[in-house]
Amino acid sequence: FKASKSQTNISLSWATASELNFDYFDIEKSKDGLNFKTIATVKGNGTTSERHDYELVDEKPMIGKNYYRLKSVDFDGYTEYFNVVMVDFDGQRNFS
C-alpha cells in the first residue's frame, strides 16, 4: 500500500498477487492516525490467481498530514488491515 502526492491530490496504489473469495477494499483516511473513516470502497475480483493493480486518487487531501489505511473484506466478512501510510500534503487546493 503506497501513497504519493502531486500538486493537487494524493494517489494511493496497491496490488494483489492472487485473491481467494475476496469481496472489496475499504480505503480509510484519518487526520490524526487514530480515528479513521472510509472514503472509498473498491470492488475486488473474487477468486483469481492473477495479479491485480488498484489505484484511488484522493481529490480532497487535507493540508498537513493525511493518514490512509487499507482494509480488505472477504465474502464471509473476514477483514484484514494493512499498514498505515502518511502523506504530508503541502500542495495547492482548488476552490470555487
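Across segment 49-96, which residue is farthest from the chain's Cα centre (by Cα) among those that are over 17 Å from N9 (Cα atoms) and open to solvent by less than 30 Å² (accessible area, probe 1.4 Å)? The qualifying residue farthest from the chain's Cα centre (by Cα) is V73. Taking A3 as the residue in question, decide whether it is open to solvent by 30 Å² or more (accessible area, probe 1.4 Å), in contact with a Lys or Arg (Cβ under 6 Å, 6 or more places away or on another chain) and not hydroxyl-bearing (S, T, Y). Taking the combined requirement at face value, the residue does not satisfy it. Residue count for segment 32-53, restricted to those that are at pLDDT 95 or above and over 17 Å from L70 (Cβ atoms): 1. Taking first residues from segment 67-89 that are farther than 14 Å from T41 by Cβ and partners that are surrounded by fewer than 11 Cβ atoms within 10 Å (Cβ to Cβ), the Cβ contacts under 7 Å between residues at least 6 apart in sequence or on separate chains come to D88/G64; F89/G64.
If we scan segment 14-31, do we find a residue that is of a type in the set (K, R), free of Cβ contacts under 8 Å to residues at least 60 places away in the same chain, out of contact with any Gly (no Cβ under 9 Å at 6 or more places or on another chain) and open to solvent by less than 50 Å² (accessible area, probe 1.4 Å)? Even if it seems obvious, please write down each step before you answer.
Residues of segment 14-31 that are of a type in the set (K, R), as a first pass: 29, 31.
Then keep just the ones that are free of Cβ contacts under 8 Å to residues at least 60 places away in the same chain; that gives 29, 31.
Remaining after also requiring out of contact with any Gly (no Cβ under 9 Å at 6 or more places or on another chain): 29.
Still in the running and open to solvent by less than 50 Å² (accessible area, probe 1.4 Å): 29.
Within segment 14-31 (the criterion being of a type in the set (K, R), free of Cβ contacts under 8 Å to residues at least 60 places away in the same chain, out of contact with any Gly (no Cβ under 9 Å at 6 or more places or on another chain) and open to solvent by less than 50 Å² (accessible area, probe 1.4 Å)), the answer is yes, since at least one residue qualifies.
For segment 26-67, a tally of residues being out of contact with any Leu (no Cβ under 6 Å at 6 or more places or on another chain), part of a strand (DSSP E or B) and not charged (D, E, K, R) returns 15.
The values are calculated or read from the model by the stated rules, or taken from the named source; none is laboratory data. These numbers were taken from a predicted model, which means no experiment stands behind them. Neighbour counts run over all protein chains shown; Cβ positions are idealised from the backbone, glycine included. For the accessible areas, the whole protein counts, side chains as well, though only heavy atoms, and no ligand, DNA or RNA atoms are used. Shrake-Rupley method; radii C 1.70, N 1.55, O 1.52, S 1.80 Å.
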